[in-house]
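Asker: Let me begin by handing over the structure; questions about it come next.
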2 protein chains.
Amino acid sequence: MKATVHVFLKPGVLDVQGKAVENALHGLGWADVKDVRVGRVITFDVGGTDKAAVEAEVKAMCDKLLANTVIESYRIEVG
Amino acid sequence: MKATVHVFLKPGVLDVQGKAVENALHGLGWADVKDVRVGRVITFDVGGTDKAAVEAEVKAMCDKLLANTVIESYRIEVG
């Protein structure tokens, strides 16, 4: 099964990478760009055919490795 | 308008970050995980109300700054 995990910094956390991208876009002339946030997407194949079981497995992967849950939130898509 | 840009390494390009995540997941006991690819998502607000015009603008941002089109491909969502 194909799994996709979106990891984003939680709303209150300063996104320095996003800030850097925003400043660079402003410097290139796009002055109307704001609220830039940079996250990551992890896609992979995982064994198993039961969607609920795979989702639970991917959630465990997120909590253990893929996301830093202190400052990041994640969203899982399986199927 | 809200814009979302997904940036991924092109299929032929070795994804070292993905490989590292894959090895880490194997090490944690998830041996059935494969084809891990790590990309990034950039979300931001951009001025303008004409969807086609905003899309063209975001495409220009991708080509100039957000993606390295030699090794990366991107997908734009506007709305």
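The values are calculated or read from the model by the stated rules, or taken from the named source; none is laboratory data. Note that this is a predicted model, so its numbers are computed, not measured. Quick reminder, even Gly has a Cβ in these numbers, built from the backbone with ideal geometry, and neighbours come from all protein chains shown. When the accessible area is computed, the model is the full protein with side chains, heavy atoms only, and any ligands, DNA or RNA have been set aside. Shrake-Rupley method; radii C 1.70, N 1.55, O 1.52, S 1.80 Å.
Asker: Evaluate the charge dipole of chain B about its Cα centre and quote only its size in Debye, nearest 20, assuming +1 on the Cβ of each Lys and Arg and -1 on the Cβ of each Asp and Glu.
Answerer: In total the dipole reaches around 100 debye.
Asker: Can you tally the net charge around B:Val13? Count Lys and Arg as +1, Asp and Glu as -1, for every other residue whose Cβ sits under 12 Å from the Cβ of B:Val13.
Answerer: +1
Asker: How high is the relative contact order of the range B:2-71, given as a whole-number percent (alpha carbon pairs under 8 Å, six or more residues apart)?
Answerer: The value is 42 percent.
Asker: Here's something else I'd like to know. Restricting things to alpha carbons, find the Rg to Rh ratio for chain B using the Kirkwood radius for Rh. Please report the intermediate quantities before stating the final value.
Answerer: On the way: Rg = 15.9 Å, Rh = 14.2 Å.
Rg/Rh for chain B comes to 1.13.
Asker: List, shortest first and in nm to one decimal, how far the label point of A:Asp63 (7 Å from Cα along Cα→Cβ) is from its counterparts in the other copies.
Answerer: Label point to label point, same position, other copies: 4.6 nm.
Asker: How large, in percent, is the carbon and sulfur part of the accessible surface of the protein assembly as shown at a probe radius of 1.4 Å?
Answerer: Within the protein assembly as shown, the accessible surface is 57 percent carbon and sulfur.
Asker: Would you calculate a helix-derived [θ] at 222 nm for chain A, using -39,500 (n - 2.57) for each DSSP H run of n ≥ 4 and dividing by the full residue count, to the nearest 500?
Answerer: Helices in chain A give a 222 nm mean residue ellipticity of -9000 deg cm²/dmol.
Asker: Moving to a separate point now. Please report how many Lys pairs in chain B have alpha carbons closer than 25 angstrom, counting only residues at least 8 apart along the chain or sitting on separate chains.
Answerer: For chain B, the number of qualifying lysine pairs is 10.
Asker: Given axes a ≥ b ≥ c from the Cα gyration tensor, I'd like to know whether the protein assembly as shown is rounded (a/c under 1.5), prolate (a/b larger than b/c) or oblate. List each step's numbers first, then the result.
Answerer: On the way: a/c = 2.12, a/b = 1.86, b/c = 1.14.
Because a/c hits 1.5 or more and a/b exceeds b/c, the protein assembly as shown counts as prolate.
Asker: Next question. Ignoring ligands, DNA and RNA, what accessible area per residue does the range A:2-78 give at 1.4 Å, in Å²?
Answerer: 52
Asker: I'd like the distance separating the alpha-carbon centroids of the range B:14-41 and the range A:22-79, in whole Å.
Answerer: Between the Cα centre of the range B:14-41 and that of the range A:22-79, the gap is 14 Å.
Asker: Need one number: buried accessible surface between chains A and B, 1.4 Å probe, both sides summed, DNA, RNA and ligands left out, in Å² to 100.
Answerer: Using a 1.4 Å probe on protein heavy atoms, the buried area is about 2500 Å².
Asker: Pairing the Cα long axis of helix A:51-61 with the longest principal axis of chain A, what angle in degrees results, from 0 to 90 and rounded to the nearest 10?
Answerer: 60
Asker: Placing the label point 7 Å from Cα along the Cα-to-Cβ direction, what are the distances from A:Leu28 to the equivalent spots in the other copies, shortest first, in nm to one decimal?
Answerer: 3.4
Asker: If you put a point 7 Å past Cα along the Cβ direction, how far is that point for A:Glu77 from the same point in each other copy, in nm, smallest first?
Answerer: 0.6
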